[in-house]
Each structure stands twice: as C-alpha cells, then as structure tokens.
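The next block holds one structure in the form of structure tokens; read it before the comments.
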Amino acid sequence: MADEKKNDKKAGKAKLDDLKQELDMDEHRIDIQELYSRLETNPTSGLTVEDAAQRLAKYGRNELTPPKTTPEWVKFCKTLFGGFSLLLWIGAVLCFFAYSIQTGAYENPPGDNLYLGIVLTFVVVVTGVFSYYQEAKSAKIMESFKKMVPQHAMALRGGQKLNVPSEELVIGDIVEVKLGDRIPADIRIITSHGFKVDNSCLTGESEAQSRTPEYTNENPLETKNLAFFSTNAVEGACTGIVICTGDHTVMGRIANLASGLEMGETPIAREIQHFIHIITGVAVFLGVSFFIIAFILQYNWLEAVIFLIGIIVANVPEGLLATVTVCLTLTAKRMASKNCLVKNLEAVETLGSTSTICSDKTGTLTQNRMTVAHMWCNNRILEADTSEEQNTAEYNKSSPEWIALSRCAMLCNRAEFKAGEESKPVLKRECNGDASESALLKCVELSIGGVSEYRKKNTKVCEVPFNSTNKYQVSIHKTDDGDKRFLLVMKGAPSASWTAAHTSSSTARTSSWTTSGRAPSIPPTRSSAAWASGCWDSATSACPLRSTLTDTPSTPRSRTSRS
C-alpha cells in the first residue's frame, strides 16, 4: 500500500514537471496553408457537420476536466470527526464508559456522566451537520454560477455560420470572435480588424494585447497570431482556426498544474490541532496524576478510574466548537451580504489573518464600473447628472457646446450595450467595451438617449483605434444633416488632445490658444466640436469627463470634431 502511494506521488510529480515545461507547439510558426492541410479544414466553408461530430467523439468536448471531488459522505465525516470534534467525541465516549462502570458497581448510579456524554454528542453532531450544510450550500451556489451563462461561439460549418456551444468546438473549426466575446479555444488568427485581447488572467499583462495574423515571436505566449482559451476580446474582431481544445489548451495546462498542487492546512486548522495537543497532554497528565493520588489516598480502583475519566472530561472545553462554528458562520453571512461567497468556513479566519493583499485594483477590489462625474464644458466645470430622472443637470442640453460634446461621446466610442438590456435602467446595463467608454456611453444615453439610432444615422467610415502610443482615438463618419463632407471626431488623453486643438469655443465667443508639441496631421477644417478625455480619480474610481470646444477654419472637403 505504501509502495502504491509512493509510486502515485512520483507519477504526479512527473506530470507536474511535464506541465511546467515550455509549450511545445509549432502551429503559430508554420504557414497558414500548411496548417489548413494539417488540420484538414477549409477556411471558406469550415468543417462539415459530420467531420465535427467525428472529431468531437475522437478528441472529446472542449472543456476542462474538473478536478477530483471529495465524496459527500467523506466531507460530512470530516466535519463530524475532524479537528476539535475528535476531542469532544473522546470526551463523550469516556463519559459513557464511566457511566457504564458506575452502572455495574452501584444500584442507583449518578447520571452526571450520562447527561454530559449526551450533551457532548449532541453538540458535536449539531455543529458538524451545521458546518456541512453551510459548505454544501456554498458549493451548490458556485456550481450554479457555471451554468448561469452558457458560452457559445460562432463557427463556420458546411459553409454556414452556426452559433454552437463552446464545448462542441473541435480542432480545425473556423470561428469568428468579436468585441465582448470570450475566446472559445486556443486559436490562430486568420484575419483581424483592430483585434485586442485581455490576457491578464493568463500572463498578468494589464494592457490589452493586439492580435494579428503575423507570426512575431518563437514563444507561443508572446506571438501575436495566437489567442488563448478563456481570455476576453476587448476590441475589434477576428477570424481564427481552432488549434487546441479542452485540457490541451494553455489554460488547460495551467488548470492541471494548479489542481496538482497540495493544499496546506488553514491557520485556524493548525491552531486547533496545536490546541488539541496541549489540551490532551494537560488532561492526561492531570488525570493520571489524580488517579495516582486517589490510590495513595486509598480509594478503590473503580472510584479512581471514574475520577481519572472525570478529570480528563473536565478539561475538555465543550462549548468551544459550537462557539467557533457560530462565529465563523455569522462572519460568512455578513460577507455574503457583501456579495462575497465563503466556500469553506475556515477560510474566513484565514482572510482575517491576512496582513497584506497584493491585487490588481480595477475589476478586483472595485467593480470596474466607471461613471462620468464631472465635465468641463463652456469653460466651466460642471457636475454630471447621473440620476435616471435627469432633473439635476447644471448645463443646458440644447446648447451647441453640449451638443458637440455629446456627439463626440456617442460617435468616437466603440462601447455598446449588450442585447436584451433595454428594459434595465441605463446605469445598470451591461456593456461590451472599455469601462471608460462605457461610462461615456451611459452618460449620453441618460442625457440624450437614442445613441444606437444616432450611430445608425451617422455611419462610421473608418477609424484609428486608441492605443497606448498615440493616446487618442479618431473616427470618421457620414452625417444625416445634408452636408456631404465627412465628420471627424477625436478623443484621447489630455496631452494628445490639447496638441490637436487650436481654439476653444464657449458661449458667444471663440478664443485662440497656443499649444506645445506638433500640430495635428489633418488639414485645418470647419468644425464645432468637443475635446474630451476620461481621467482616473484614484479616490472614487470615477471617470471625470473634461471637455473644451474647438473651432477651426473651414475647408470644402471635411469637418472635424475632436472629443
């Protein structure tokens, strides 16, 4: 038996060492046509439905193998007999044993030991059942989260685009991914349009990473022509070919690596174990000492044994287990009211013992939901109206300055509301896109409304997406106002936007300013537009909107609006 455990441990260690090795794959290096041939797929029609079914049966479903779970009866036994409960069980057994001795020795034995044994048994059983119920309830809630939002992917099969469950994707499938989607498998990019992914869960990169069809690095994790399972698309769209599914994906390897790690004891479990050792040692020492003293004082052996058992049981803190369980449960309930689910009651004390937490703030300690707090419009700093009623606005919504500012916020913005959110209040709607752009979208939707219709009437011709180098975004639109010229709108960081602006416009006057840095590359044009920038507020995690209006000379070809 010992040899089997030793061999299993060696096999597990060998598996972990294999998982820790660098990824050995060449799908990102070979020519795309060679990849099509290797995977026996067609980029224009995809796999046939029959081929997909055969590959699904051969390679299995595109999902991670769940880690081995502990049987429920084992979990129940651990809560009933583990830790401090074991000491109470020993005390209860000793009480019943002492009572049985008294029953054989006396005609009318005292019932103290019997009652104490019953109380100890009751306390252990009730607290064990309660702890098991609390943890089982949390486990069911976590399980329900997995089934709440089923994942689907747009796959090309038999020349038709089909919305199939992500679990049914197979190697060789041609898939389309757009803004807001989760990457359904490890894919190689075939075509892309401003496509970026969030790899923070995989590599820790906080910035969105661009993905293109070009091979750029020998390391699969660094090359730009691969997108990995479970990462999120935050910009643009792409078409890709599935190269790995399920446990063979990069995330699958990481999951297997994590599941193979041995879990250590929690601090409270170690403290309870240490406390049990101390209490047991003290109880046995005192019991044996008084047992010897009883013989010295010439008590008979039966009374000495009962005395020994009584001393040992007296040193057992019967109420400690119930007290600890109740305290941890109450804390878990308070955390649940703050949307923090506790899977294991012992984890509550572990969190309380933590002195330092190193974490990414945005989206982890905060909700990553920004709101427009202030605006600089018409040369004044104004507080934004974030109420659904929109009855506390400090600005004139019909003024040319506000109209120009809101136009830029609507058009120079890639965020959009998710489908099926129309019935919800604007501030509670879910959006596809960057958090700061979502804040601008909700601001103008609250103030003006009809953003989707306005975008349809002013269709986008082309755009320069925001990036960390330029620090601005530019988009060009057709307009519905009868003017045949195109409208250019711009938004970005203050350093980039101030450089591109020449004059500011407020009510009844236009004034020039001088700017340091290079002039904008576009020719001077007529515009009545706004410059706006989302800035972080470290204290409130809000996104102030600052704006100033620009007005530049006119040309017969185009007009610009900087936001």
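FYI, it's all coordinate maths here, none of it is from the lab. Computed from a predicted model, the values in this text were never measured in an experiment. Because the Cβ atoms are built from the backbone with ideal geometry, glycine has one as well, and the counts that use them run over all protein chains shown.
If only Cα atoms are counted, what is the Rg of the range 89-240, and what is its Dmax, in Å?
30.7, 94
For the range 374-452, state which trypsin sites (Lys or Arg not before Pro) are in a DSSP loop and have at most 15 other beta carbons lying within 10 Å of their beta carbon. Each step should come with its number before you reach the end.
Details: sites: R380, K397, R407, R414, K418, K428, R429, K442; in loops: K397, R414, K418, R429.
Qualifying residues, ordered by number: K397, K418.
Rounded to whole Hz and in sequence order, give me ³J(HN,Hα) for the range 115-121 from the Karplus expression 6.51 cos²θ - 1.76 cosθ + 1.60, θ = phi - 60°, writing x for Gly and Pro.
So the Karplus estimates, Gly and Pro as x, are 5, 5, x, 5, 5, 4, 4 Hz.
In whole Hz, with x marking every Gly and Pro, tabulate ³J(HN,Hα) for the range 46-53 from phi via Karplus 6.51 cos²θ - 1.76 cosθ + 1.60, θ = phi - 60°.
Working through the residues one at a time gives x, 7, 7, 4, 5, 4, 4, 5 Hz.
So which trypsin sites (Lys or Arg not before Pro) in the range 246-349 pass both tests, a DSSP loop state and at most 15 other Cβ atoms within 10 Å of the Cβ? Provide the component values of the computation, followed by the final result.
Details: sites: R253, R270, K333, R334, K338, K343; in loops: K338, K343.
Here the trypsin sites (Lys or Arg not before Pro) that fit, given the DSSP loop and packing criteria, are K338, K343.
May I ask you to derive the FRET efficiency for T354 and F486 from their Cβ-Cβ distance with R0 = 51 Å, giving the value to the nearest 0.05? Please list the in-between numbers first.
Working: r = 56 Å, r/R0 = 1.09.
Efficiency, rounded to the nearest 0.05: 0.35.
Tell me which residues come under 5 Å, amide H to amide H, from E63 once H is placed; ignore anything under 5 positions away on its chain.
For E63, the qualifying residues are G246, D247.
At 7 Å along Cα-to-Cβ for each site, give me the label-to-label distance between A57 and I403 in nm.
Each label point is offset 7 Å from its Cα along the Cβ direction, giving 6.6 nm.
Which cross-chain or sequence-distant (5 or more) residues have an amide H under 5 Å from the amide H of A153, H modelled 1.01 Å from N in plane?
V164, S166
Which Cα, out of H477, S452, C412, lies furthest along the positive dipole direction of the range 408-478 (beta carbon charges, K/R +1, D/E -1)?
So the residue furthest toward the plus end is H477.
Show me, for the range 442-459, the HN-Hα J-couplings you get by feeding each phi into the Karplus relation (A = 6.51, B = -1.76, C = 1.60, θ = phi - 60°), rounded to Hz, glycine and proline as x.
5, 4, 6, 5, 5, 6, 10, x, x, 5, 4, 5, 5, 5, 5, 6, 10, 5
Please work out the FRET efficiency for the pair T212 and R270, using the Cβ-Cβ distance as r and a Förster radius of 56 Å; give the result to the nearest 0.05.
Numbers: r = 51 Å, r/R0 = 0.91.
My answer for the efficiency is 0.65.
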